[in-house]
Structure formats: structure tokens, C-alpha cells
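First up is the structure itself, then whatever we jot down about it.
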Amino acid sequence: SCQFLGPGEYPQKTVLKDVDRCESVASALKSLGYSSHVVHNNGGNFYSRRNAFTLMGFDSFQSKEMLDITEYTPMGSWPTDDILIGASQDAMDSTPGPDVLYTITVGTHGDYPKVPYPNDRAIEVKCNGKSEELTNQWTYYINRAHEMDTFMKNYCESLASRDEKTIVIFFGDHLPTMGLTEDEISTHDLYKTKYYIWNNFGMSKEDMELTSYQLVPRFLDRLGIHEGTVINYNECRTGDGVPVSSDEYKDGLRLLQYDLLYGEKYAYKGQDMYPASNLIMGVKDVVVERMYRFDNEVHIYGQNFTKWSKVYVNGKKVATGYKSGQCLTIDEDAVKNGDTIVVNQLGSSDTVFRTSNEMIVNLPMTEALQAQ
């Protein structure tokens, strides 16, 4: 619960930079044979996510740097979310057994334009009493939400095709940032959002008002899964009929969180129960296969390149052009015979997330340079 942190604090940027592990749903379910993955079409270092997901025990993280993103929202601000469907499938296929999958979308994020966008009005929006600029902003947002509806449908259909018992919990972490007031929304609370559940094994529908940190424990309890210290606390206290709004509930949760994040971890009785993981970035190898010299450029062919792929010659980054997920280019003067090249997937601040095989440049300019 973030209520026990500082005002406006993001724990990924504070306490999770000071600890060497942090219990999570991912780490708690490892004992039951679950592999855990994150898929997100934004930067791997944004909000220190790579570090945080490592401490939380996730096995893999496919950030935007690992995805061959080519489609964007009309403003060009964010990637479209449809790429996350295939990426989610790839993540689950990369490990045997059951999976915990955390998929984070971006398509409905702002800013929202104050001018209309041509051919972007599948849904017309009227805002009575609002300015034309605000109406344009809501029109853009509602059409992105319409695309999110389609994504959710396609996402569930892709999971249904796997013929595995699956539950999906959809939730939003905040309302759109357009100056909403409590009087303008049905809940009269700016800090409430809807969540939706999909499953393919007949779990009955229950309407419940839950905090974000109670959401997953509640459904794990319904599934008969009782792993994890914090998960167990939430399950047991609510099962005992202790109201989550009560001082008894909050005091116990505050004490437990302090012990696990800042204290001596008495709840673990001295055991190292949830160590950090050896998180891998991406689930597909970046492969360099061959090279050709053509038109004053060296064309590097391979597999699983992205816009964040950069060629390194003898350990030094050189200017790299992205042609496709199978082709990159560099200036022909950047390499010579005998040089060693690799392709690195780079995050912000030139963080190397994943590295390809090495290739030795050793053939004439008109012949293929085969991977060594």
C-alpha cells in the first residue's frame, strides 16, 4: 500500500533502489512453478522498472527496446498496444509451465491534442458546455479508449486460443489528465478506476470494491492460492471479516510492510525467501547472420532487431540506421576487415539490455560476411 510511503512517492525510485529484494506476486508464486514476465511498450528504465522487476523476482522483461515497434497512435506520441499481444504470447512460450504475466499498455496516455485529427473519429464526441479544444481532446482520448476495447478483446481471444486455464485482471492506474473534477465522474472520487475480469474456466462474477493491493490477493484466494507474506495477510484479514478500512487492518499492514521493506524481515524468520531474479531483457535472441556492402553502406541482416538496436564495432557504438526487424545499416567507413561487430539493444543512458552474437568482418565488400 502506497499510503505508508511518502506523499507522491514512487517506491521504484526510492526504497527499491536501497534494498536487494522485494516480495511480489511473481516471487511468491515461484514455489508453485510459475514463471513470471513483464511486457511493456515503453522504456525499460522508465520509473527504474528494470531494477524494480529484478528485485521483485520477475524472470523476463520485454520493454519497448526489445520490440519491433512500427505503429504509433495518430499523434505519434505512443506505440499502439497491439504489439503486446504477440509479445505476451512469446513471453509465455519462452518458459514451461504456468505463467504470471504483467502487461502494461500505453495507447490511451496523453497529452491529448486540442486540434482535431483527420480520419480519427470512429466515435464522435460531444461535450456540452465545453470548449472546442477540450472537445477535441476528449474525442482523441475516447477513440484511443475505443482502440483499447479492441485490444482487450483481441488479447483475451489470443489467450483463449492457448487452451490453458487463464484469468486476466484489467485495471487502470489513473484517470485521463484533463482537469476532471469529482463532480464530473460517476464515482465522485478522482482516485478510483474500474477493473475488469476475464476468465475461461467459469469463475463466477463478483462485484467488489478493492484497493489495488487487494485486487490480486482477492482473486488468488478464490483460486485457492495462498503463497506470499503480504498476499496471505490480505487474504487472512479479509477472510476473518476485518474491514480493510479499519485501524486494525491498516496497522497490521503498515507493520508488515515496514518489516519487509525497511526492517529486519522478522516475518521471514531469518530466511532468504524471495531473492532478486536474474532478469533477462527480451525472450528472443538478437542474431547477426550476414552483411553486405552496398551504396556506401554496410547492410547488416539478422533477426529480432528493433529501433533501439545499435551496432558496436570493436566495442564502440557507431551510428546505426534501422531498416526493419531484419536489417540495420552503418556507414561503410565505420568497419574494416578484421573488426568485430555486435548488435546491442540499448535502453536510456546507453544501458545494454541484450547483446547479439559476434561477427568478424573478413570478406570482400561484395560478398556475404557469414556469422562466426
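The values are calculated or read from the model by the stated rules, or taken from the named source; none is laboratory data. Keep in mind that this is a model prediction, so the values were computed, not measured. As a convention, Cβ positions derive from the backbone with ideal geometry for all residues, glycine included, and neighbour counts pool all protein chains shown. In case anyone asks, the SASA skips ligands and DNA or RNA and just uses the protein heavy atoms, side chains included. Shrake-Rupley method; radii C 1.70, N 1.55, O 1.52, S 1.80 Å.
Counting the residues of the range 56-85 that are open to solvent by 10 Å² or more (accessible area, probe 1.4 Å), in a helix (DSSP H, G or I) and either in contact (Cβ under 8 Å) with a residue 60 or more places away in the chain or in contact with a Cys (Cβ under 7 Å, 6 or more places away or on another chain) (or both) gives 3. Taken over the range 126-173, residues that are within 21 Å of the chain's Cα centre (by Cα), over 26 Å from residue 217 (Cβ atoms) and charged (D, E, K, R) amount to 5.
Of all residues in the range 231-267, those satisfying the criterion of being among the aliphatic types (A, V, I, L, M) and either touching a residue at least 60 places away in the same chain (Cβ under 8 Å) or open to solvent by 60 Å² or more (accessible area, probe 1.4 Å) (or both) are 231, 253, 255, 260, 261.
Figure legend. Inter-residue proximity from the range 111-140: first residues farther than 20 Å from residue 184 by Cβ, second residues surrounded by 11 or more Cβ atoms within 10 Å (Cβ to Cβ) and among the aliphatic types (A, V, I, L, M), beta-carbon distance below 9 Å, spacing 6+ or different chains. Indicated pairs: 113/75; 117/75. Taking the range 86-120 as the range and being more than 15 Å from residue 162 (Cβ to Cβ), in a loop (DSSP other than H, G, I, E, B) and not hydroxyl-bearing (Ser, Thr, Tyr) as the test, the residues that pass are 106, 107, 109, 110, 111, 113, 114, 115, 116, 118, 119, 120. Can you tell me which residue is surrounded by the most Cβ atoms within 10 Å (Cβ to Cβ) among those in the range 8-26 that are of a type outside the set (Val, Ile, Thr) and more than 14 Å from residue 260 (Cα to Cα)? Among those that are of a type outside the set (Val, Ile, Thr) and more than 14 Å from residue 260 (Cα to Cα), it is 26.
Residue 210 satisfies every condition listed in (1) of a type in the set (A, V, I, L, M); (2) modelled with pLDDT of 90 or more; (3) under 30 Å from residue 148 (Cα atoms) except (2).
Among residues that are touching an Asp or Glu at 6+ places or on another chain (Cβ under 7 Å), without any contact (Cβ under 8 Å) to a residue 40 or more places away in the chain and either hydrophobic (A, V, I, L, M, F, W, C) or within 30 Å of residue 328 (Cβ to Cβ) (or both), residue 283 is not included. When each of 165, 126 is tested for being among the basic types (Lys, Arg) and closer than 30 Å to residue 57 by Cβ, the lone residue that passes is 165.
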